[in-house]
Structure formats: C-alpha cells, structure tokens
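What follows is a short report on a single structure.
The values are calculated or read from the model by the stated rules, or taken from the named source; none is laboratory data. Just so it is clear, the structure is predicted and the values come from calculations on it, not from any experiment. Cβ: placed from backbone, ideal geometry, glycine included. Neighbour counts: every protein chain shown.
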Amino acid sequence: MSANEATLHVSAPQRLQGMLFGDPLPELDLNSGYRGPVACRAAGITYRQLDYWARTGLVEPTVRGAKGSGSQRLYSFRDILLLKIVKRLLDTGVSLQQIRTAVNALHERGVEDLTSITLMSDGASVYECTSADEVIDLVQGGQGVFGIAVGRVWHEVEGTLATLPVDHATDAPVVVEDELAKRRAAKRQAM
C-alpha cells in the first residue's frame with residue numbers, strides 16, 4: 001500500500017471493548033440538535049470549517065440541514081462527536097482525504113460501536129482498533145504513532161454540550177428574518 005492511499009484498516013476479529021469504568025451510554029434525543037456556533041464551540045473548530053465540511057459532505061448535520069438563505073443547520077450529538085474527531089485527526093497531520101475515508105467508515109457504525117473504537121494513525125493511514133491488544137500490536141509493529149479513544153472524546157463533547165443551548169427540530173425550517181431579508185421579500189412582492 002502506498003503512503004498516499006487513504007484507508008481505514010479494521011482489525012479482525014472484532015472484539016467489544018467496554019466504555020471506560022463501565023459508564024453507561026446516555027440516551028440520545030434524535031429530534032434535538034445544536035446550531036452551528038454551538039457545534040463549533042463543542043468541537044473546537046471555526047464556523048468556516050464547519051460550513052466547508054457540511055458543503056463538501058465530510059460531516060453533514062443529521063437533525064436538520066440548511067435549506068436556503070437564513071435557515072439553521074442542526075447538528076446531532078453524534079455529528080459533533082465526528083466533528084471533534086475530524087479536528088483531532090487534522091491537528092495530528094492526517095490529510096483531509098484520509099479523514100474522509102475514516103469518517104465514511106465511522107458513519108456505518110452505531111453509537112455504541114463508536115465508543116468502543118480507538119483510532120490510530122501513522123500519518124499515512126488510519127487504523128480502527130477495538131481492543132487494547134490491537135492497539136499494542138499496531139504500536140509494536142511501528143504502525144501507530146498516535147491514537148484517539150472515541151469513548152473519551154464522547155465524554156468531552158458530552159461535558160461541553162451540557163452547558164450549551166439545545167434546539168428541537170420541527171417540520172418547518174427555522175428562517176432568520178433580518179432587515180436585508182425583509183427588504184428583499186418586499187422588493188419581490190412589489191415586482
């Protein structure tokens with residue numbers, strides 16, 4: 001495999017690794033979400049990064065997407081967890097192409113599966129480990145340079161979001177009415 005190939009290596013056999021200290025997973029409300037600025041703050045990213053990643057399909061909001069000017073995206077807890085993982089991978093030098101491959105593989109996982117994963121990377125590839133033995137094997141083989149315990153990131157995001165406002169999705173998209181939008185609407189009606 002060349003160093004430019006972006007892959008998420010899944011170690012086999014898959015073994016279930018429990019959460020740190022046996023912490024139970026909280027129930028996630030599928031109709032609740034967080035607006036862009038809150039998602040940015042919780043994930044430690046800029047709004048520009050959030051917008052770019054949403055427009056390019058890296059991490060899109062699953063509660064409510066943007067539908068036209070003035071609408072508000074709503075990101076789920078899981079979306080914010082992925083945003084924070086993307087940020088950590090970028091900070092360690094993994095290319096956006098490799099991160100896209102890793103995120104696509106993570107999208108296929110259930111929430112419980114995500115918390116049992118440790119992502120390891122050597123800078124060229126991202127490896128998925130589901131047991132301490134797999135992490136040790138990668139490090140001993142010289143493949144793993146750094147790791148991200150997804151369960152730990154889960155708790156960090158959970159702690160940050162506990163103090164931030166949550167929004168509830170409705171069928172109708174939220175439209176922010178600012179002065180410029182009102183003038184444009186009035187101008188269209190006059191035509």
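Say whether the condition of being modelled with pLDDT of 85 or more, under 23 Å from GLU156 (Cβ atoms) and either out of contact with any Cys (no Cβ under 8 Å at 6 or more places or on another chain) or part of a loop (DSSP other than H, G, I, E, B) (or both) is met by at least one residue in the range 65-73.
Yes - at least one qualifying residue is present in the range 65-73.
Search the range 41-64 for residues being out of contact with any helix residue (DSSP H, G or I) (no Cβ under 7 Å at 6 or more places or on another chain) and hydroxyl-bearing (Ser, Thr, Tyr), and hand back the single one that is farthest from GLU158 (Cα to Cα).
Per the criteria, the residue is THR56.
From the list ALA102, ALA169, ALA149, ALA190, exactly one residue is closer than 21 Å to VAL59 by Cβ, among the hydrophobic types (A, V, I, L, M, F, W, C) and modelled with pLDDT under 80. Which is it? Even if it seems obvious, please write down each step before you answer.
On the way: ALA102 fails: modelled with pLDDT under 80; ALA149 fails: modelled with pLDDT under 80; ALA190 fails: closer than 21 Å to VAL59 by Cβ.
Among ALA102, ALA169, ALA149, ALA190, only ALA169 is closer than 21 Å to VAL59 by Cβ, among the hydrophobic types (A, V, I, L, M, F, W, C) and modelled with pLDDT under 80.
Could you please tell me which pairs satisfy a Cβ distance under 6 Å, a separation of 6+ or placement on different chains, a first residue in the range 40-64 that is surrounded by 20 or more Cβ atoms within 10 Å (Cβ to Cβ), and a second residue that is aromatic (Phe, Trp, Tyr)?
Partner pairs satisfying both residue conditions: CYS40/TYR47; VAL59/TRP53; PRO61/TYR75.
Can you list the helices (runs of 4 or more DSSP H) lying wholly within the range 91-143 that have 1 or more residues being closer than 25 Å to THR46 by Cα and out of contact with any strand residue (DSSP E or B) (no Cβ under 9 Å at 6 or more places or on another chain)? Write out each step before concluding.
On the way: elements: 96-107, 111-115, 132-140.
Fully inside the range 91-143 and qualifying: 96-107, 111-115.
Considering only the range 32-64, state which residues are among the small types (Gly, Ala, Ser), in a helix (DSSP H, G or I) and either over 17 Å from THR163 (Cβ atoms) or in contact with a Ser or Thr (Cβ under 7 Å, 6 or more places away or on another chain) (or both). I'd like the intermediate steps shown before the answer.
Start the filter on the range 32-64 by keeping residues that are among the small types (Gly, Ala, Ser), which leaves 32-33, 36, 39, 42-44, 54, 57.
Add one more test, that the residue is in a helix (DSSP H, G or I), and what stays is 36, 39, 42-43, 54.
Of everything in the range 32-64, those that are among the small types (Gly, Ala, Ser), in a helix (DSSP H, G or I) and either over 17 Å from THR163 (Cβ atoms) or in contact with a Ser or Thr (Cβ under 7 Å, 6 or more places away or on another chain) (or both) turn out to be GLY36, ALA42, ALA54.
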